[in-house]
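Q: The following block contains the structure, expressed as structure tokens.
The values are calculated or read from the model by the stated rules, or taken from the named source; none is laboratory data. Because the structure is predicted, anything quoted here is derived from the model rather than measured. Neighbour counts are summed over all protein chains in view; Cβ atoms, including those assigned to glycine, are modelled from backbone coordinates with ideal geometry. With ligands, DNA and RNA removed, areas are computed over all heavy atoms of the protein, side chains included. Shrake-Rupley method; radii C 1.70, N 1.55, O 1.52, S 1.80 Å.
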Amino acid sequence: NAGVTQTPKFRILKIGQSMTLQCTQDMNHNYMYWYRQDPGMGLKLIYYSVGAGITDKGEVPNGYNVSRSTTEDFPLRLELAAPSQTSVYFCATTTIQGGNTEAFFGQGTRLTVV
Amino acid sequence: AQSVTQLDSQVPVFEEAPVELRCNYSSSVSVYLFWYVQYPNQGLQLLLKYLSGSTLVKGINGFEAEFNKSQTSFHLRKPSVHISDTAEYFCAVRPIAGNTGKLIFGQGTTLQVKP
């Protein structure tokens with residue numbers, strides 16, 4: 001099992017460019033999340049999904065979009081990149097069935113917008 | 001709403017010394033509590049969690065944490081640290097009720113273990 005896989009690991013974007021951060025999981029979890037990590041700020045929730053076809057905004061959704069067409073994939077889209085989106089992005093999954101509470105994280109995507 | 005405060009942004013400590021990383025939380029509903037560790041250039045992995053029962057919970061790598069409901073704290077401790085414990089540590093909470101599984105994180109504490 002690969003767990004949670006994020007691609008790419010690193011990316012430099014110019015202001016105004018767009019890109020998609022990919023996240024794939026093979027754990028058959030219904031719940032998936034995108035967080036961004038900024039120094040001294042911890043992790044902030046961008047978007048989340050409780051199942052295929054269902055997404056909702058988190059704490060910091062502005063400038064991002066998501067889709068969830070399958071259980072496995074949860075891509076994060078940046079339409080018009082801005083310097084404020086320079087960050088490390090983490091995808092995570094969990095299931096709340098059977099009292100399970102652990103979240104599993106990908107290795108992260110380090111994005112720089114210049 | 002929930003919030004998590006990690007009281008120290010950086011904790012320097014010598015190898016084999018004890019360490020405590022402090023975490024306080026605020027919540028109007030009951031929550032599960034977690035500590036995650038992030039090694040350099042890695043994702044987060046679970047150290048330990050408190051769901052219910054005994055307030056002292058043990059995790060991986062010799063870490064333990066104590067839940068104190070009256071002080072709304074969940075401090076992480078290790079009696080003797082190793083160089084390999086150098087990492088960033090995050091305290092997090094998750095509401096027990098509800099069906100979103102969302103985690104609310106603290107700001108993180110960088111543990112620097114010196115030889």
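Q: Non-local amide H neighbours of B:Thr86 (under 5 Å, H modeled in plane, Pro and chain starts lacking H): which ones?
A: It is B:Val113, by chain and number.
Q: If Lys and Arg each add +1 and Asp and Glu each add -1, what is the summed charge of the other residues whose beta carbon sits under 15 Å from the beta carbon of B:His75?
A: On the way: positive: B:Arg22, B:Lys49, B:Lys58, B:Lys69, B:Arg77, B:Lys78; negative: B:Asp8, B:Glu20, B:Glu64, B:Glu66.
Net of charged neighbours comes to +2.
Q: Provide a whole-number value for the mean count of partner chain Cβ atoms within 10 Å of the Cβ atoms in peptide B:100-111. Provide the component values of the computation, followed by the final result.
A: Details: counts 10, 15, 11, 9, 5, 7, 3, 6, 6, 0, 2, 0.
Shielding by partners across B:100-111 averages 6.
Q: To continue, here is another question. Taking the Cα centroid of the range A:38-86 and of the range B:37-97, what is the distance between the two, rounded to the nearest whole Å?
A: 26 Å
Q: Quote the FRET efficiency, to the nearest 0.05, computed for B:Lys69 versus B:Asp8 with a Förster distance R0 of 30 Å and r equal to the Cβ-Cβ distance. Mind showing how you got there, number by number?
A: Working: r = 22 Å, r/R0 = 0.73.
That pair, B:Lys69 with B:Asp8, gives E of 0.85.
Q: At 1.4 Å probe size, with no ligands or nucleic acids counted, give the accessible surface of A:Lys57 in Å², nearest ten.
A: Here the residue's solvent-accessible area equals roughly 120 Å².
Q: Right, here's the next one. So which of A:Lys44/B:Lys58; A:Lys14/B:Lys114; A:Lys9/B:Lys69; A:Lys57/B:Lys78; A:Lys14/B:Lys49 end up more than 29 Å apart, counting from Cα to Cα? The partial results should precede the final answer.
A: Values: A:Lys44/B:Lys58 27 Å; A:Lys14/B:Lys114 39 Å; A:Lys9/B:Lys69 40 Å; A:Lys57/B:Lys78 37 Å; A:Lys14/B:Lys49 40 Å.
Over 29 Å Cα-Cα: A:Lys14/B:Lys114; A:Lys9/B:Lys69; A:Lys57/B:Lys78; A:Lys14/B:Lys49.
Q: Count the net charge of all other residues whose Cβ sits under 9 Å from the Cβ of B:Glu64, scoring Lys and Arg as +1 and Asp and Glu as -1. Display every interim value, and only then the final one.
A: Details: positive: B:Lys58, B:Arg77, B:Lys78; negative: B:Glu66.
So the surrounding residues net to +2.
Q: Using only the C-alpha atoms of the protein assembly as shown, find the volume of their convex hull and express it per residue in Å³. Can you show the working numbers first?
A: Working: hull volume 28.2 nm³, N = 229.
Cα convex hull per residue, to the nearest whole number: 123 Å³.
Q: What does the average come to when, for each residue of peptide B:38-46, you count the partner chain Cβ atoms lying within 10 Å of its Cβ? Working shown, then result.
A: Values: counts 6, 0, 0, 5, 3, 12, 11, 4, 5.
Counting Cβ atoms of other protein chains within 10 Å of each residue's Cβ and averaging gives 5.
Q: Note down the magnitude of the dipole of chain B about its Cα centre, charges +1 on Lys and Arg C-beta and -1 on Asp and Glu C-beta and zero elsewhere, to the nearest 20 debye.
A: Details: 9 positive and 8 negative charges, 78 e Å.
Once rounded to the nearest 20, the dipole reads 380 debye.
Q: Ignoring ligands, DNA and RNA, what percent of the accessible area of chain B is carbon or sulfur (1.4 Å)?
A: Details: 2720 of 5490 Å².
Reported share for carbon and sulfur atoms: 49 percent.
Q: Take every Cα-Cα pair in chain B and report what % of them are more than 19 Å apart. Please report the intermediate quantities before stating the final value.
A: Values: 2729 of 6555 pairs.
Counting every Cα pair in chain B, those more than 19 Å apart make up 42 percent.
Q: As I understand it, the dipole of the protein assembly as shown uses +1 on the Cβ of Lys and Arg and -1 on the Cβ of Asp and Glu, about the Cα centre. Which of A:Val114, B:Tyr25, B:Thr72 lies farthest toward its positive end?
A: Toward the positive end, the furthest listed residue is A:Val114.
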